[in-house]
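The values are calculated or read from the model by the stated rules, or taken from the named source; none is laboratory data. All of these numbers come straight from a predicted model, not from anything done at the bench. Cβ: placed from backbone, ideal geometry, glycine included. Neighbour counts: every protein chain shown. Each accessible area value is taken on the protein alone, full model and side chains, heavy atoms only, with ligands, DNA and RNA left out. Shrake-Rupley method; radii C 1.70, N 1.55, O 1.52, S 1.80 Å.
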Amino acid sequence: MPPIKMHHQEFEAPEELQDTIKCFWYNRREARADSSGFEVVPDGYAEIIFHFGSGCSISSDGVLWPLPSPFMMGLLNQPVIFYAKDRFETIGIRCFPWTVFDLLGLPPNKRALHVFEHPVAQLQPKLNAFVLDGKIAEAVAEVKQYFLQARAQVATNSMLYKAGTAMQAAKGTIPVSEVAAAAHVTVRTLERNFKRSSGHTVKDVSGLMRFEQVRNRLWMDPNANLASLAHEFGYTDQSHLSREFKRYSGISPAAFARKAKTGQQMLSDDLLNLSS
């Protein structure tokens, strides 16, 4: 059976968008003619995803449900399996979870999958034409322009920006009290505003950021010492790290490392978000 071929590109967000959007990305996946699944693992970002080609479905209770383009993946607390066949291409907007709902003008919630009616869907025909012609840079430029205009309509929340910056700099390892101090507000004020904006608590997002760092480290260095990683990323001990890792990924860190080492972990860089 021929292997699935993948191609991935990332595009930097313009300076005006860097407080709301981490990056833009494009992925092409050439799969088999029959529908095959691929896994998306939790991380600390929300993704707005346009897709082109054979379509995309998600499995729920043993049934495949087709997804519109675009859709949004919020913060996950466990892996999700998507299905596609033949040539499948995607353009994604990787957003900070505390900014994505304001950027889209949508009410926040904790759902992992968001299917919604929104003016951004009007980009689909033009993006599809660009993608069919292989004009990926032009397609991404179109998406960037849309979000530059959308960003101009959203008031800057300096408190959330400062909090998010502190969380990212610490890779999710600092307590809520230190995040609040960095944002110059009380813990209660931070938590209330953070949840109102993202649908999640600071602790929720920090936990995903921390897991993502450990997962990326193990992917790059499967021989990394788990006790040392636990200490580096602020877990109580190795057992704490292992519980949290399995909670988000479905497997233990040792099992993940073994798969990474033997090349059996068939995930592309975009799904792992290794560049984050």
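Annotations for the structure displayed:
- From the list Phe245, Phe256, the one residue that fits, being among the aromatic types (Phe, Trp, Tyr), without any contact (Cβ under 8 Å) to a residue 60 or more places away in the chain and either farther than 30 Å from Pro108 by Cβ or open to solvent by 20 Å² or more (accessible area, probe 1.4 Å) (or both), is Phe256.
A quick yes/no check of all residues on (1) closer than 21 Å to Ser206 by Cα; (2) more than 13 Å from the chain's Cα centre (by Cα):
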residue	(1), (2)
Ile48	yes, no
Ser54	no, yes
Asp61	no, yes
Leu64	no, yes
Gly92	no, no
Phe96	yes, no
Gly105	no, yes
Lys110	yes, yes
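- Hits in the stretch 149-166 - residues which are farther than 14 Å from Val187 by Cα and open to solvent by 50 Å² or more (accessible area, probe 1.4 Å): Gln149, Ala152, Gln153, Ala155, Thr156, Asn157, Ser158, Tyr161, Thr165
- In the stretch 142-165, the residues that are closer than 17 Å to Lys195 by Cα form Cβ pairs under 6 Å with partners that are of a type in the set (Ser, Thr, Tyr), at six or more places apart or across chains, as follows: Leu160/Ser197.
- The stretch 192-242, subset β-branched (Val, Ile, Thr) and open to solvent by less than 40 Å² (accessible area, probe 1.4 Å), residue nearest to Gly74 (Cα to Cα): Val205
- Val185 surrounded by 17 or more Cβ atoms within 10 Å (Cβ to Cβ), modelled with pLDDT of 90 or more, under 17 Å from the mean Cα position of the chain (by Cα) and hydrophobic (A, V, I, L, M, F, W, C): no
- Matching option when the condition is of a type in the set (Phe, Trp, Tyr) and either open to solvent by 10 Å² or more (accessible area, probe 1.4 Å) or closer than 17 Å to Arg151 by Cα (or both), among Tyr26, Tyr83: Tyr83
- Condition check for Lys171: touching a residue at least 24 places away in the same chain (Cβ under 8 Å), open to solvent by 50 Å² or more (accessible area, probe 1.4 Å) and within 30 Å of His240 (Cα to Cα): yes
- Residue ID - modelled with the lowest pLDDT, chosen from residues in the stretch 131-143 that are farther than 14 Å from Gln9 by Cβ and assigned to a helix (DSSP H, G or I): Leu132
- Of all residues in the stretch 31-80, those being of a type in the set (Val, Ile, Thr) and open to solvent by 50 Å² or more (accessible area, probe 1.4 Å) number 1.
- Single condition Leu148 does not satisfy, out of (1) part of a helix (DSSP H, G or I); (2) under 22 Å from Lys110 (Cβ atoms): (2)
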